[in-house]
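The values are calculated or read from the model by the stated rules, or taken from the named source; none is laboratory data. Not measured: the values here are computed from a predicted model. Here the Cβ positions follow ideal geometry from the backbone for every residue, glycine too, while neighbour counts run over all protein chains shown.
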Amino acid sequence: KRHLVSTADLTRDDALLILDTAEELAQLSGRAVKKLPTLRGRTVVNLFFEDSTRTKTSFEVAEKRLSADVINFSAKGSSVSKGESLKDTALTLQAMGADAVVIRHHASGAPARLAQSDWLHGSVINAGDGTHEHPTQALLDAFTMRRHLNPGTGKDLAGRRVTIVGDILHSRVARSNVHLLNTLGAEVTFVAPPTLLPIGIENWPCQVSYDLDAVLPKTDALMMLRVQQERMNAAFFPTAREYTRRYGMDGIRMAQLPEHAIVMHPGPMVRGMEITAEVADSPRCTVVEQVANGVSIRMAVLYLLLGGATLADAPRTTDSA
Ligand code: CP
């Protein structure tokens, strides 16, 4: 495959290859192998039309650890603000020799449009498009679940119960996760108010519940989502206070989870809304670990799309080299 646009495009073998490669790369980093020369001489452009803290930074770290030449392009401060189109922006990047473009865009479908076009010859990696997909987030989430729920041995997540809570309607993270988790054999339950569920949810490969307290004891991994008020035209229903009461995660609810269960969040978190500080700062919450795992996953994706050599063959640069 040349592009990563949707987790729906990944077979089980594709997904396991990315997760296993990320595990190997994480272990190399743990052994002070700071840099691999795999992408030396290759140019990767980070094309961000929408704000990002975690995804943008971790792609840049991943690219630099693979020795790529990195160009950071933000729509703010570029000629996009003068009306330049996605096509002309892409043609400009192609003229500069981009081997891969990592794109975040407010419009669902923008990465797929780039991948299908002849505007760019290199790989397109979706870093989050509108309310559609965020495939590397789902991969780093699965990587984090595997490490906690199948330590050392597990290949996939067969039979694991994942509960995703909150604004499913606007969540590209939920969409990418439901595809990938199904491919890996997990059982997904969405918990949300009816107003924050998409039309046609009954056709998605998941269960739906409106009762968080009933689902918590049957959960191995709980993923809390932010309410994306910036994607709504009007105030959302229920009110923020009612939302927190019914769907927010606090210490009392955390005690209802099985002992081995983890609490996840893709970030950014709104403390006091979907998650209390007590839960966010607890040892069961993997939010910071997810960010670190994102670097390994993004290295693996770039490595597999652009690299080609096996990890065992790759010459390495260590701290002492
Ligand atoms: N999880 C995530 O996509 O965070 P950013 O918006 O900060 O990249």
Query raised in the report: Do you know which residues across the range 162-180 are touching a residue at least 40 places away in the same chain (Cβ under 8 Å) and either farther than 21 Å from residue 130 by Cβ or in contact with a Phe, Trp or Tyr (Cβ under 9 Å, 6 or more places away or on another chain) (or both)?
Result: 162, 163, 164, 165, 166, 167, 168, 174, 175
Query - Residue check, residue 238 at pLDDT 95 or above and either out of contact with any strand residue (DSSP E or B) (no Cβ under 6 Å at 6 or more places or on another chain) or among the hydroxyl-bearing types (Ser, Thr, Tyr) (or both) - result: no
Requested in this report: Could you figure out which of (1) modelled with pLDDT of 95 or more; (2) surrounded by fewer than 19 Cβ atoms within 10 Å (Cβ to Cβ); (3) under 30 Å from residue 122 (Cβ atoms) isn't true of residue 266?
Outcome: (2)
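Looking only at the range 1-22, count how many residues are out of contact with any Phe, Trp or Tyr (no Cβ under 6 Å at 6 or more places or on another chain) and crowded, with 17+ Cβ neighbours inside 10 Å. Spell out the reasoning first.
Here is the first cut: in the range 1-22, the residues out of contact with any Phe, Trp or Tyr (no Cβ under 6 Å at 6 or more places or on another chain) are 1-18, 20-21.
The next check asks that each one be crowded, with 17+ Cβ neighbours inside 10 Å; those that pass are 3-7, 10, 15-16, 18, 21.
Of the residues in that region, 10 qualify.
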Query raised in the report: Which residues, taken from the range 108-134, are among the aliphatic types (A, V, I, L, M) and more than 16 Å from the ligand (Cβ to nearest atom)?
Result: 112, 114, 115, 120, 124
Report summary line: From the option list 127, 112, single residue qualifying as touching a residue at least 12 places away in the same chain (Cβ under 8 Å) and within 21 Å of residue 68 (Cα to Cα) is 127
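Per-residue answers, yes or no, for (1) crowded, with 16+ Cβ neighbours inside 10 Å; (2) among the small types (Gly, Ala, Ser):
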position	(1), (2)
76	no, no
81	no, yes
87	no, no
95	no, yes
98	yes, yes
